[in-house]
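A single structure is presented below for examination.
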Amino acid sequence: MPNLRWSYMDHWRERSPRGLITQYASVRSMDRFIKQLAVLGFEGIDTFFFSLPQFDAMFGSLAKFEDFMRERGVQKIVNVFFAKPNATAGFAFHERSDHDNIVRTCETIMERCRDISVEGLIVMPTNTYWQMEPVDDEKIAIIAELWNRVGEMTRRYGAKTSIHHEFWCGIRTPEQIDRFYELTDPELVYFFCDTAQHVIAHVDPVALYEKYHARCSGFHFKDTHNLDTTADFRRPPDAELLSPTVERWFWEMGTSGGLVDFPALMHAMKRHAYQGWVALEHDKADIGGSNYAEATAVGKWYADNVLTPIYR
Amino acid sequence: MPGIQFAYALNAWRPTYDTFVRPEQHARALKTVSVSGFRAVELNCGAGRWEPLGNLEMMEANHGSIAGFAAFLRSCGIDAVSSYFFDPGVFLSRAGIPLAAGKSADRAEIVERVHEYLILLSALGGNRLVVKPAPAYWRTGAPSKELLRNIADLWNEVGELATKQGIQVAMHLDCLSAVRTEHAIAELLGATDAKSVGLAIDTAEMVLAGLDPLAIYNRFTGRVNHVQFKDVLLRDELSEATQTNAELNFLSSGGSREVTRWFWEMGTTGGLVDFPAMLSAMQAGGYRGWIVVESDQTPYPATSAMLNGWYVKHKLASLT
């Protein structure tokens, strides 16, 4: 039994005669999507909370969607990702008055997944940096309270709440991250390591994993070619999509110029005997003329041929 | 050669003189093919920058030597070049003009051009030179005795050279070919040396041309020495594949129906090829050789490679 199982974090797009589509365009598109993942050896998918209703609409229920996946060789939905980058009404994470609403929203997600065995709720812990700055200890404490509550709730559903630190969110520096984990319950709130997001923020994901390996519930393995050298992280309106300095932040593993040291991370995971899911991710892979299908194949090739020999 | 082995044709990536030319692009395609479950590739022959994987000159320029190219393939998870596709009608030398298989005056130069690919195949683990054996129907009409004789003489000579290197010639009949009936196929096979020259069945090309690849296999079982798997949703019911300039007006433009794309991945809804039946027949017939999966005309080569890989793994592998 391997220690690692590979999942695919869904950002899939493909060109069609009708223009750019996602796999939610039709059951036929979904069929093609799942088969492509299956042949590459992915056993699961990670998806977004806003995609869940689409599975319901296409298949009648999430359980029936999982049946559809299993018929094609992919086993399950592993994690659901939740984020509200904009501090819209009711979703300012650093405002206690919004917490009841946010917890309720997260519980609605988990309730929707009741009939399947989702293992984690992965969250962007704050709104964009610029909508919550200045980031101070008091705000971090308020945010920690929120995710402790959510963690308690998801535990009732048998799922872990895990924190995904976008380079453009409010908990992004080593000091902020340390403070946050000091204030959260290790039994309720877990660390989720997105390799590229940390590197862009000038944080070494290997060192971070070494520090928080006991709380690490999973990974997004994706690469970047750029550090944030101009404080993009705090630039409105959207550092990830609209940066004036870097057109494409994220890359699939195995490209020339990649800054993430994946082999070093694999060695660290081996040292700590990590057992669980690793998600391949490369959002925005089609910027500049590439495409998700090829990026996914090349990324998984790298996983199979370079990383798996280190630790499997 | 052990049983049946699958390979993948790289023609879907459509190299031209200014696209799909960089080794890093080749590496991405090869890795895509590899991780989709294929460990060997079929490449096209061609000259200079027009076919960067299809000639020794570019191979040496990019990788130093044939051995360097083999190492490059291995670094991408590809163990062998199963086969080279050799069409005398494309640019096979930088100075040359397209050659004609049926023209006896071109025979010496065609044979000369073959040498390079026999060397490459031997060094890269392959054993099939897949040739376009005959002109398009619209150029010659039904093949005359003389045309068949010229063609057979050419490929027999190539076959004799090839067998010295452990390679066989496989005659690939596409949907435009002058050889497009069972009778003509039988005549051509009858005029060629069974020890060195065989028939390549391309499932979709044959269906499009109105032939039944399964029936062809069953009739010529002992002579089939190469197979290509791809699917097709339509037949040439309007007989446009035999009309003037069919390469452009039919195959490329889609004929009067303006069919966007003739060829599809295995498993496509509405596909006319019965691949499991074909594979079962090949098993029963004792076929030992390559099945090269193709996806020419796809706008999405990576997606096609993965979908074809899925089909092989989930629908065909259990039959082999």
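Place a point 7 Å from the Cα of A:Glu133 along the Cα-to-Cβ direction; which residues of the stretch A:218-246 have their backbone N under 18 Å from it?
A:227-246
Let me ask you something else. If one computes P(r) from the Cα atoms of the stretch A:45-176, what percent of pairs lie at distances over 26 Å?
Numbers: 2267 of 8646 pairs.
Above the 26 Å cut-off, the stretch A:45-176 has 26 percent of its Cα pairs.
Also, I was wondering about something else. Which of B:Lys145/B:Lys195; A:Lys64/A:Lys139; B:Lys195/B:Lys315; A:Lys64/B:Lys315 have a Cα-Cα distance over 31 Å?
On the way: B:Lys145/B:Lys195 22 Å; A:Lys64/A:Lys139 41 Å; B:Lys195/B:Lys315 33 Å; A:Lys64/B:Lys315 22 Å.
Distance filter (> 31 Å) returns A:Lys64/A:Lys139; B:Lys195/B:Lys315.
Further question on the same structure: Based on the Cα gyration tensor of the stretch B:79-136, what are the three equivalent ellipsoid semi-axes, each the root of five times an eigenvalue, rounded to whole Å and given largest first? Kindly include the intermediate steps, with their values, before the conclusion.
On the way: eigenvalues 95, 28, 17 Å².
So the three semi-axes of the stretch B:79-136 are 22, 12, 9 Å.
Using a Förster distance of 22 angstrom, determine the FRET efficiency expected from the C-beta separation of A:Thr108 and A:Ala63, and round it to 0.05. Present the calculation step by step, with values, prior to reporting the outcome.
Details: r = 18 Å, r/R0 = 0.80.
The computed FRET efficiency comes out at 0.80.
Output the relative contact order of chain B, whole-number percent, from Cα pairs under 8 angstrom with separation of 6+ residues.
Details: 617 pairs, mean separation 60.3, N = 320.
Computed value for chain B: 19 percent relative contact order.
Still on this structure, please answer the following. Between A:Thr229 and B:Ser122, how many nm apart are label points set 7 Å from Cα along the C-beta direction?
Spacing of the two 7 Å Cα→Cβ label points: 5.3 nm.
Which value, in nm² and rounded to one decimal, describes the direction-averaged projected area of the C-alpha convex hull of chain A?
Dividing the Cα hull surface by four gives the mean projection, 15.2 nm².
Run the reach check for B:Lys230 against aspartates and glutamates, Cα to Cα strictly under 18 Å, same-chain hits fewer than 8 apart removed. What comes back?
B:Glu42, B:Asp174, B:Asp202, B:Glu205, B:Asp212, B:Glu265, B:Asp274, B:Glu294, B:Asp296
Take B:Thr260 and B:Glu112, extend 7 Å from each Cα along the Cα→Cβ direction, and tell me the distance between the two endpoints in nm.
Once both label points are built, they end up 4.5 nm from each other.
Using only the alpha carbons, work out the radius of gyration and Dmax of the stretch B:4-319 in angstrom.
Final numbers for Rg and Dmax: 18.1, 49 Å.
Can you pull out the trypsin sites (Lys or Arg not before Pro) in the stretch B:21-95 whose DSSP state is coil and whose Cβ has at most 15 other Cβ atoms within 10 Å? Please report the intermediate quantities before stating the final value.
On the way: sites: B:Arg28, B:Lys31, B:Arg39, B:Arg49, B:Arg74, B:Arg94; in loops: B:Arg39, B:Arg94.
Within the stretch B:21-95, the qualifying trypsin sites (Lys or Arg not before Pro) (loop, at most 15 other Cβ atoms within 10 Å) are B:Arg94.
Sticking with this structure for a sec: Hey, got the average number of other protein chain Cβ atoms within 10 angstrom for residues in B:27-38? The partial results should precede the final answer.
Numbers: counts 3, 9, 3, 2, 10, 9, 2, 4, 13, 6, 3, 0.
Other-chain Cβ atoms within 10 Å of each residue's Cβ, averaged: 5.
Still on this structure, I have one more. Using the crude model of +1 on Lys and Arg Cβ and -1 on Asp and Glu Cβ, and no other charge, please compute the dipole size for the protein assembly as shown relative to its Cα centre, in debye to 20. Mind dumping the intermediate values first?
Working: 62 positive and 77 negative charges, 265 e Å.
It comes to approximately 1280 debye.
I've got another one for you. Work out how far the C-alpha atoms of the protein assembly as shown reach from end to end along every principal axis, then list the three figures in whole Å, largest first.
92, 50, 44
From other protein chains only, count the Cβ atoms within 10 Å of every residue's Cβ in B:304-314, then give the mean. Please report the intermediate quantities before stating the final value.
Working: counts 3, 5, 13, 6, 2, 6, 11, 2, 1, 4, 6.
That average works out to 5.
Follow-up question, since we're still on this one. Cut-off 10 angstrom, C-alpha nodes, Gaussian network model of chain A. Which of A:Met110, A:Met69, A:Met30 fluctuates the most?
Maximum fluctuation in the GNM of chain A, among the listed residues, is at A:Met30.
Cα convex hull of the stretch B:1-157: how many Å³ per residue?
130
So how far apart, in nm, are the two label points at A:Asp238 and B:Ser253 if each is 7 Å from Cα heading toward Cβ?
4.3
Please find the FRET efficiency linking B:Gln25 to A:Asn305, where r is the Cβ-Cβ separation and R0 is fixed at 25 Å, and quote it to the nearest 0.05. Please list the in-between numbers first.
Working: r = 18 Å, r/R0 = 0.73.
Working from the Cβ atoms, E equals 0.85.
B:Arg14 label point, 7 Å along Cα→Cβ, cut-off 17 Å on backbone N: hits in the stretch B:265-298?
B:265, B:294-298
Which part of the stretch A:145-174 falls in the paramagnetic zone of A:Ser117, meaning amide N under 20 Å from the point 7 Å along Cα-to-beta-carbon?
Only A:154-162 pass the distance filter.
Report Rg (one decimal) and Dmax (nearest whole number) for the stretch B:185-320, counting Cα atoms only, units Å.
Both quantities, over Cα of the stretch B:185-320: 15.4, 44 Å.
Okay, moving on. For the charge dipole of the stretch B:233-320, defined by +1 on Lys and Arg C-beta atoms and -1 on Asp and Glu C-beta atoms about the Cα centroid, which residue among B:Trp310, B:Val293, B:Thr244 has the Cα displaced farthest towards the positive pole?
Farthest towards the positive end: B:Trp310.
Oh, and also: With an 8 Å Cα cut-off and a minimum separation of 6 or more residues, compute the relative contact order for chain A in percent. Write down the numbers at each step before the final one.
Numbers: 550 pairs, mean separation 55.4, N = 312.
18 percent.
Assigning unit charges at the beta carbon (Lys, Arg +1; Asp, Glu -1) and nothing else, what dipole magnitude in debye, to the nearest 20, does chain A show about its Cα centre?
Numbers: 34 positive and 44 negative charges, 194 e Å.
Here the size comes out at about 940 debye.
So if we plug the beta-carbon distance of B:Thr163 and B:Asn218 into 1/(1 + (r/R0)^6) with R0 = 22 Å, what FRET efficiency do we get, rounded to 0.05?
Details: r = 26 Å, r/R0 = 1.17.
Using R0 = 22 Å, I get an efficiency of 0.30.
Counting pairs of alpha carbon atoms under 8 Å apart in space and at least six apart in sequence, what relative contact order in percent does the stretch A:124-205 give? Walk me through the numbers on the way to the answer.
Details: 106 pairs, mean separation 29.6, N = 82.
Normalised by residue count, the contact order of the stretch A:124-205 is 36 percent.
Tell me which GluC sites (Glu not before Pro) from the stretch A:187-266 have a DSSP coil assignment and no more than 14 other beta carbons within 10 Å of their own. Intermediate values should be presented prior to the final figure.
Working: sites: A:Glu187, A:Glu210, A:Glu240, A:Glu247, A:Glu252; in loops: A:Glu187, A:Glu247, A:Glu252.
Listed in order of number, the matching sites are A:Glu187, A:Glu247.
Just in the stretch B:203-289: which GluC sites (Glu not before Pro) are loop by DSSP and have at most 10 other Cβ atoms within 10 Å?
On the way: sites: B:Glu205, B:Glu237, B:Glu240, B:Glu247, B:Glu258, B:Glu265; in loops: B:Glu237, B:Glu240, B:Glu258, B:Glu265.
For GluC sites (Glu not before Pro) across the stretch B:203-289 that sit outside H, G, I, E and B with at most 10 neighbouring Cβ atoms in 10 Å, the list reads B:Glu237, B:Glu258.
No lab work stands behind these numbers, since they all come straight from the coordinates. From a predicted model like this one, the values you see are computed outputs, not experimental measurements. All Cβ positions, even for glycine, are placed from backbone atoms using ideal geometry, and neighbour counts span all protein chains on display.
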